[in-house]
Amino acid sequence: MEFPFVKERQYFPILKNKIQLSSCSQSAMSLQVEAAMKEYTDGWLTEGMDWTGWVHRVEMAKQSFATLINASPDEIAVLPSVSLAASAVASALQFTTGRNKVVTTEMDFPSIGHVWLAQQSRGAQVAYVPSENNEIPIEFYDRYVDEQTLIVSMSHAAYYNGLKQDLKQISAIAHGKGARLFVDAYQSAGCAAIDVKEMDVDFLAAGAQKYLLGIPGIAFLYVKKELADELQPSITGWFGRIDPFSFDVKSLDYAEGTRRFDTGTPPMINAYAAYAALELINQIGVHRIEPYLNELSNFAVSYGQEKGLTIASPLDLKRKAANTAFHCPNASLIEMKMRERGVIVSARNDVIRIAPHFYNKKEEVALAIDMLYELKS
Ligand SMILES: Cc1ncc(COP(=O)(O)O)c(C=O)c1O
């Protein structure tokens with residue numbers, strides 16, 4: 001297959017000089033994102049405060065994220081991080097009835113586990129679905145989710161090794177027991193198809209800086225319309241009110257729908273960047289990005305195996321997102337040495353993660369694997 005994104009690759013100037021394969025952590029910067037941030041700073045510098053315009057751009061970013069996951073814009077809130085999005089959801093749940101169990105997994109990003117552990121003081125019991133060879137067999141969810149489970153919280157794709165889980169199956173298990181499903185989609189949004197309606201997800205959060213091509217400081221929270229009006233997050237602020245500009249200090253009126261999960265002043269410049277980045281992803285289409293990244297995944301796995309490297313990611317492509325993790329005992333040091341040689345990858349504990357996006361070529365993945373093999377030996 002010929003490289004399909006020749007035109008789009010040119011939007012990322014860094015690729016002329018470096019090999020950037022770190023989308024599981026921070027993607028490359030596009031000219032569109034640079035221009036959007038400049039639009040914000042130029043406007044502020046020359047025209048002064050444009051509150052209405054800035055807030056409007058936040059709404060546009062919500063809309064683009066809604067398009068990406070097949071939600072409606074009024075089902076999206078904006079928060080500064082995925083951790084805070086999860087905390088806001090947790091703050092809206094009551095753990096005092098018979099249903100007080102949170103089922104999460106050993107493969108989840110620690111921060112989200114911490115959010116649930118912090119709910120123990122409010123009555124939550126946290127159970128961790130174990131992993132087996134860096135995977136989670138679906139039967140394990142069946143075993144852990146029971147009639148006491150209030151919510152299941154899991155990552156669509158795992159930060160450590162890209163393990164991709166079947167949301168439709170997991171939502172059926174959760175809902176079958178009367179529990180809700182919270183999905184951390186930070187490692188899948190932008191590289192793997194997400195349809196919250198088809199997958200029947202209740203809550204979903206993703207930040208902008210990984211496969212969504214944006215910057216840190218902004219995250220999107222989806223809350224299913226039918227559910228949102230029942231919930232009253234205690235992590236809140238004036239943007240979560242019916243009319244933020246009523247300035248009524250004595251009234252805690254929750255806005256309709258998911259807007260009630262908005263908190264304080266939104267991250268404006270981050271929303272400019274996120275909107276530009278999301279528009280690019282939506283224009284190209286995840287339906288084109290995902291198969292190409294599967295091809296790169298396939299190549300990374302087979303080429304790595306040829307080299308004798310140990311792969312910590314699932315070998316079955318249906319169970320894997322774009323990130324391929326290679327065992328590497330001194331991963332942080334190797335990451336640093338690769339960076340010195342112009343190859344940007346991402347280390348976590350004992351793995352080097354090679355996480356391409358649509359703008360990467362097979363040759364770049366090969367070169368990174370060659371370098372990893374050489375430095376590791
Ligand atoms: C899967 C996943 N969830 C959550 C986070 C943390 O997100 P935030 O820093 O926005 O809270 C990360 C960060 O790497 C992640 O990979």
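Below is a table of values for the structure above.
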| quantity | calculated |
| --- | --- |
| Backbone N under 16 Å from the residue 330 label point (7 Å along Cα→Cβ), restricted to the range 338-357 | 338-341, 347-352 |
| Directionally averaged shadow of the range 1-98, computed from the convex hull of its alpha-carbon atoms, nm² | 11.3 |
| Within the chain, longest stretch clear of exposed GluC sites (Glu not before Pro) (DSSP loop, no more than 13 other Cβ within 10 Å) | 3-146 |
| P(r) of the chain over all Cα-Cα pairs, binned every 10 Å from zero, in whole percent | 5, 24, 32, 25, 12, 3, 0 |
| Relative contact order (%) - the chain, alpha-carbon pairs under 8 angstrom, separation at least six | 23 |
| Dipole magnitude of the range 34-282 about its Cα centre (Cβ charges: Lys, Arg +1; Asp, Glu -1), debye to nearest 20 | 420 |
| At least 27 Å along the helix axis (C-alpha) and Kyte average at least 0.0, DSSP helices within the chain | 51-69 |
| Length added when fully stretched, residue 133-residue 117, from 0.36 nm per residue minus Cα-Cα | 3.3 nm |
| Sum of side-chain charges, residue 281 neighbourhood, beta-carbon under 12 Å (Lys, Arg +1; Asp, Glu -1) | -1 |
| Residue-span extension gain [residue 94 to residue 305] - 0.36 nm each, minus C-alpha spacing | 71.2 nm |
| Kirkwood Rh, Cα atoms: Rg over Rh of the range 12-166 | 1.06 |
| The range 249-315 and the range 158-174: distance between their alpha carbon centers, rounded to Å | 15 |
| Length added when fully stretched, residue 56-residue 247, from 0.36 nm per residue minus Cα-Cα | 66.8 nm |
| The range 209-262 - Kirkwood radius from inverse mean 1/r over Cα pairs (Å) | 12.5 |
| About the Cα centre, charge dipole magnitude for the range 251-377 (Lys/Arg +1, Asp/Glu -1 at Cβ), debye | 220 |
| Surface share of carbon and sulfur [accessible, 1.4 angstrom probe, percent] for the range 34-282 | 53 |
| Rounded accessible area per residue of the range 34-282, 1.4 Å, Å² | 40 |
| Descending principal axes extents, the range 189-346, alpha-carbon based, whole Å | 65, 37, 31 |
| Across 168/320; 62/225; 164/362; 62/250, pairs whose alpha-carbon gap is larger than 18 Å | 164/362; 62/250 |
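The values are calculated or read from the model by the stated rules, or taken from the named source; none is laboratory data. Computed from a prediction, not measured in an experiment: that's the story for all the values here. Cβ: placed from backbone, ideal geometry, glycine included. Neighbour counts: every protein chain shown. Accessible surface is based on the protein model in full, side chains and every heavy atom, while ligands, DNA and RNA are left aside. Shrake-Rupley method; radii C 1.70, N 1.55, O 1.52, S 1.80 Å.
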